[in-house]
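Below: one structure, written as C-alpha cells.
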Amino acid sequence: DMQGTTIADYWTVANGTAVYANAQIYPAGSAADAVGPIGLGRVVQLTSTSSAATLTGNGIRTVVSTRQQGWYFQSSIRFVSGGGTATFKIRDNTNAADIALQVQRGNDASLLVTSGVGDFMVVEGTFQVPATCAEVAPQLTLSGFPMVAEMGPVIMYPTDATTFPL
C-alpha cells in the first residue's frame, strides 16, 4: 500500500530502512505517460544500511483454485544511488522461495534487474503459483550497501480473474 502512513504496516525490511517518497513526475502529454505506473506521486524507497537489503510487501493469499495457475504482475523500479543492482522479485512466502517469472518488460536482457542510476524501469510479466504456495509477495532487493532504490505501486492478480473483490 502506497497510501499508508506507517511503512511497517505494509512492508517488511531486512538490512535497511524504508520510507514513502515522491516519484519523478513526467510532464503531461509526454511519451512517458504510456508506460504504466511510473510517474505516480508516491513510491516506497529502500536504503541498504549494512549489506544486501530487502523490502517485502505484505503477503497476498492465494485462493486454492488459483494455485498452479498464472498470475500477472506489474510495477516499476528505479536505482537512485550506490553501486550494485536493484531487483524485483515475487516471493513464495509459504515455502520461503523466489518464484520463477516470465518477463514481458524489464531490462534489455529481459531481467527485472537495474544497475544504472536514472529513470524508472517498468517490470511486468507473469508467474505460476506453486501448488503448495498459500501466499505470494512482491519484493525489492538491493545487492549491497550503501544503495538506494525505489519501487512504484505493484499490481498482481490471477490472469483468469473476472471479478476483483474489494
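Quick notes on this one:
- Selected from Gln139, Gln68, Gln128 as most flexible by GNM, with the chain as the system and alpha-carbon contacts under 10 Å: Gln68
- Trypsin sites (Lys or Arg not before Pro) within the stretch 43-144: DSSP coil, no more than 16 neighbouring Cβ in 10 Å: Arg67
- Largest to smallest in accessible area, the residues Leu101, Leu112 fall in the order Leu101, Leu112 (1.4 Å probe, all protein chains included).
- Net length gained if the chain between Glu135 and Ser81 were fully extended (0.36 nm per residue, minus Cα distance): 16.3 nm
- Dimensions of the stretch 77-166 from C-alpha coordinates, computed as largest minus smallest value along each principal axis and given longest first, are 40, 28, 25 Å.
- Amide H to amide H distances under 5 Å link Val80 with Val148, Ala149, Glu150, where only residues 5 or more positions off or on other chains count and H is placed in the peptide plane.
- Across the stretch 89-96, computed HN-Hα scalar couplings (Karplus, 6.51 cos²θ - 1.76 cosθ + 1.60, θ = phi - 60°) run 9, 10, 9, 8, 5, 5, 10, 6 Hz from first to last residue, x flagging Gly and Pro.
- For the stretch 68-114 versus the stretch 120-143, the spacing of their alpha-carbon centroids is 6 Å.
- Overall dimensions of the chain, expressed as equivalent-ellipsoid semi-axes from the Cα gyration tensor (√(5λ), whole Å, largest first), are 24, 19, 16.
- Share of carbon and sulfur in the accessible heavy-atom surface of the chain [1.4 Å probe, %]: 53 percent
- Accessible surface, the stretch 48-111, averaged per residue in Å² (probe 1.4 Å): 48 Å²
- Taking each residue as 0.36 nm, the span from Thr6 to Thr49 lengthens on full extension beyond its C-alpha to C-alpha distance by 13.5 nm.
- Ser81 contributes an accessible area of around 50 Å² to the protein surface, as traced by a 1.4 Å probe with all chains present.
- The residues of the stretch 125-166 expose on average 46 square angstrom of accessible surface per residue, using a 1.4 Å probe on protein heavy atoms.
The values are calculated or read from the model by the stated rules, or taken from the named source; none is laboratory data. Only a predicted model underlies this, so the values are computations on that prediction, with no experimental measurement involved. Cβ sites come from the backbone with ideal geometry, for glycine too, and all protein chains shown count toward neighbours. Only protein heavy atoms, including side chains, enter the accessible area calculation; ligands, DNA and RNA are left aside. Shrake-Rupley method; radii C 1.70, N 1.55, O 1.52, S 1.80 Å.
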